[in-house]
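Structure first, then comments.
The values are calculated or read from the model by the stated rules, or taken from the named source; none is laboratory data. Keep in mind the model is a prediction, meaning the values are calculated, not measured. Here the Cβ is made from the backbone with ideal geometry for all residues, glycine too, and neighbour counts use every protein chain on show. Surface accessibility is based on the protein's heavy atoms, side chains included, excluding ligands, DNA and RNA. Shrake-Rupley method; radii C 1.70, N 1.55, O 1.52, S 1.80 Å.
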Amino acid sequence: MLSRRAALLAAAAASYVFVTPAFSTETKPFTQNDFAEAQKAGKPIFVAIHATWCPTCKAQKPILSELMAGPKFKDLVYFVVDFDSQKDAVNSFGAQMQSTLIAFKGEHETGRSVGDTDRSSIAALLNKTL
């Protein structure tokens, strides 16, 4: 049988889960049309040049998910470009390799990194979209 203290802690934890809003940036597969629309609307945009076989990309993914879950990124448009199958898009961004992250404010590129897995520098790059 649960003690009164354990029952209260369990109830408090359960209510926190249901009351806390879930913020999550939607990941969109890259299309030139969607990207152009987001730019024209002046939205904050983040582009990841990703490959499924890339260990650096795999390391970036949970960092990006965690950072983008915050309320300040609720309007962020997050595009993933497949490095292997979307070569036209990779070339249009001037990316030389997978694990390239690019930040935009509307039509203007505000920052870029390649091969970065440091949480603080990825957070700084994401902040450049705001």
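Maximal additional length on extending the ASP82-LYS58 stretch stands at 7.3 nm, based on 0.36 nm per residue less the C-alpha distance. Taking all protein chains as shown and a probe of 1.4 angstrom, VAL114 keeps an accessible surface of around 80 Å². The orientation-averaged projection of the convex hull spanning the C-alpha atoms of segment 73-122 amounts to 4.0 square nanometres.
Calculated FRET efficiency, SER65 to ASN91, Cβ-Cβ distance, R0 = 22 Å: about 0.25 to the nearest 0.05. Using the Cβ-Cβ distance between GLU107 and THR27 with R0 = 25 Å, the FRET efficiency computed as 1/(1 + (r/R0)^6) comes to roughly 0.70.
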